[in-house]
1. Of the conditions (1) exposed (fewer than 14 other Cβ atoms within 10 Å of the Cβ); (2) of a type in the set (A, V, I, L, M); (3) assigned to a helix (DSSP H, G or I), M69 satisfies every one except a single condition; which number is it?
2. Given the condition in contact with a helix residue (DSSP H, G or I) (Cβ under 8 Å, 6 or more places away or on another chain), in contact (Cβ under 8 Å) with a residue 40 or more places away in the chain and outside any strand (DSSP E or B), answer yes or no: does some residue in region 29-38 qualify?
3. Does N126 satisfy the condition of being within 26 Å of E163 (Cβ to Cβ) and surrounded by fewer than 21 Cβ atoms within 10 Å (Cβ to Cβ)?
Amino acid sequence: MSHFNHAANTWDSEEKISMMGELASKTREKLALSSKVDLLDVGCGTGLFSFEFIDQVKSITGIDTSEGMLEVFNNKAKGFDNIKSINIDLERDGLEMKFDLIISSMVFHHLDQPQKMLSKLASMLNEGGQIAIVDLETEDGSFHPRPKEMGVKHFGFSNEEVESWADSAKLKVSISTISTREKNGKSYAQFLAVFTR
Ligand SMILES: C[S@@+](CC[C@H](N)C(=O)[O-])C[C@H]1O[C@@H](n2cnc3c(N)ncnc32)[C@H](O)[C@@H]1O
């Protein structure tokens, strides 16, 4: 995933900060948050998504395969004793930890086996917990300028695919379109899927 190591230092553009702020705000509306919630951000990158939750949860753990992205995340986390990161490839390795809320934004289209990942996340969820996944709805492959080089494995997902992940993980799911991104004259919808037991 060297693309993200190269991209890390310029990742937090003003456009991305504002876009992720909006996405996080719409996501928060659909979730049960409290000062008791331990949150895991899968593929946290520089933390643009999870840092938006800090005022409403107890702790944030960000995990990512990219050391470069985590370096930026860790710099932002300085001064917070309730934010930490772990450098791990969660598709290959396991994490013996449990959380009340697991979030992930724009990561599942980079995974070899998204369905297997959801089942793994389900096993890391405390009783009554929630998993919130944000990603692209099915697109024509034009969202990323150089998909292969950028580690893109899926051109978004249909509701049926997301529902089938939920079935295999024995979870319930509620899916909604939460944003539409305009890029090069095209529109790309993003979904939020909230999974519960
Ligand atoms: C498009 S970025 C999104 C970053 C962040 N979630 C955001 O929305 O700004 C995808 C991130 O997922 C990470 N990633 C991809 N596959 C992963 C895996 N198997 N385990 C952990 N992180 C992964 C990448 O390194 C990258 O930081």
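The values are calculated or read from the model by the stated rules, or taken from the named source; none is laboratory data. These numbers come from a predicted model, not from an experiment. Please note: Cβ atoms are built from the backbone with ideal geometry, for glycine as well, and neighbour counts cover all protein chains shown.
1. (1)
2. Yes, region 29-38 contains a residue that is in contact with a helix residue (DSSP H, G or I) (Cβ under 8 Å, 6 or more places away or on another chain), in contact (Cβ under 8 Å) with a residue 40 or more places away in the chain and outside any strand (DSSP E or B).
3. Considered against the rule, which asks whether it is within 26 Å of E163 (Cβ to Cβ) and surrounded by fewer than 21 Cβ atoms within 10 Å (Cβ to Cβ), N126 comes out as yes.
Yes/no per residue for (1) near the ligand (Cβ under 8 Å from one of its atoms); (2) under 25 Å from N126 (Cβ atoms); (3) modelled with pLDDT of 95 or more:
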site: V37; (1), (2), (3): no, yes, yes
site: V42; (1), (2), (3): yes, yes, yes
site: T46; (1), (2), (3): yes, no, yes
site: T65; (1), (2), (3): yes, yes, yes
site: G68; (1), (2), (3): no, no, yes
site: F73; (1), (2), (3): no, yes, yes
site: K76; (1), (2), (3): no, no, yes
